[in-house]
Amino acid sequence: MSGNSAALQPPDDAVAPVRHPDAPAPGELLGAHYGQCFGCGGEQPHGLHLEARAGEGVSVTAEFTVQPAHQGAPGLAHGGVLATALDETLGSLNWLLRTIAVTGRLETDFVRPVPVGTVLHLEAAVTAVAGRKIYCTATGRIGGPDGPVAVRADALFIEVKVDHFVDHGREEEIRAAMEDPDQVRRARAFEVNP
């Protein structure tokens, strides 16, 4: 990305990210972290239904198809939807670290228009970790992993405890997620930004 802010520059004492030994294997589909998530949830009729897969190291790939409900200008994806796709992909990286984290900052470059019907291919990687701060970057390409770049982002995620969601989420949704009998799905509901 060009000209990202000082807030997205890892400090000198930052370390290289380390993939958690229990992280999903490269190529494994990560699945939705929460059914109602606008980015990845299958229960959201107008959501992105973004599907992310674990990559090598601390990286993921993802894709979604721009639907008519995602347009801003006639026939083109809304910039906020594209930023959401980047944010969702970047948030998926935290599953590879096995860290609960929320978006602290997201800077996006919109390089070219993305038409409705386009499959946007996204790649993201953690670049550094400094204490509770996780620095990462992502790119979205039109039509395939080697297609033209449409969007780019750099982000800073902040590690939080599950109490962050309990203290700030709606009680009904928090209770439903906590009572889910599927232990993996219950844990994943709180792994990335709400």
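The values are calculated or read from the model by the stated rules, or taken from the named source; none is laboratory data. Because the structure is a prediction, the values reported are computed rather than measured. Methodologically, a virtual Cβ is constructed for each residue, glycine included, from the backbone with ideal geometry; neighbour enumeration extends over all protein chains shown. Heavy atoms of the whole protein, side chains included, go into the accessibility calculation; ligands, DNA and RNA do not. Shrake-Rupley method; radii C 1.70, N 1.55, O 1.52, S 1.80 Å.
Would you check which residues across the stretch 34-54 are among the aromatic types (Phe, Trp, Tyr) and in contact with a Leu (Cβ under 8 Å, 6 or more places away or on another chain) and list them?
Result: PHE38, single match.
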Anything in the stretch 81-96 that is open to solvent by less than 10 Å² (accessible area, probe 1.4 Å) and β-branched (Val, Ile, Thr)? List them, or say none.
THR89
Quick check on the stretch 56-63. Is at least one of its residues farther than 23 Å from ASP154 by Cβ, part of a loop (DSSP other than H, G, I, E, B) and either of a type in the set (Phe, Trp, Tyr) or modelled with pLDDT of 95 or more (or both)?
no
Check whether at least one residue in the stretch 129-136 is buried (at least 16 other Cβ atoms within 10 Å of the Cβ) and under 23 Å from GLY27 (Cβ atoms), and report yes or no.
yes
Kindly establish whether ASP12 is open to solvent by 50 Å² or more (accessible area, probe 1.4 Å), without any contact (Cβ under 8 Å) to a residue 12 or more places away in the chain and either assigned to a strand (DSSP E or B) or not small (Gly, Ala, Ser) (or both).
yes
Would you mind finding the one in THR65, THR61 that is of a type in the set (S, T, N, Q) and under 11 Å from the mean Cα position of the chain (by Cα)?
THR61
Return the total of residues in the stretch 94-110 being within 25 Å of GLU56 (Cβ to Cβ) and either without any contact (Cβ under 8 Å) to a residue 60 or more places away in the chain or of a type in the set (Gly, Ala, Ser) (or both).
3
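Among the listed residues LEU76, LEU50, which satisfies the condition of being crowded, with 16+ Cβ neighbours inside 10 Å and more than 12 Å from the chain's Cα centre (by Cα)?
On the way: LEU50 fails: more than 12 Å from the chain's Cα centre (by Cα).
Matching residue, one of LEU76, LEU50: LEU76.
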Just to be sure before I move on: is ALA177 open to solvent by less than 60 Å² (accessible area, probe 1.4 Å) and modelled with pLDDT of 95 or more in the structure I sent?
no
Matching residues in the stretch 40-52 (touching an Asp or Glu at 6+ places or on another chain (Cβ under 9 Å) and modelled with pLDDT under 80) number 1
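Answer with yes or no whether ALA32 is assigned to a loop (DSSP other than H, G, I, E, B) and either surrounded by 19 or more Cβ atoms within 10 Å (Cβ to Cβ) or β-branched (Val, Ile, Thr) (or both).
Working: assigned to a loop (DSSP other than H, G, I, E, B): yes; either surrounded by 19 or more Cβ atoms within 10 Å (Cβ to Cβ) or β-branched (Val, Ile, Thr) (or both): yes.
Yes, satisfied.
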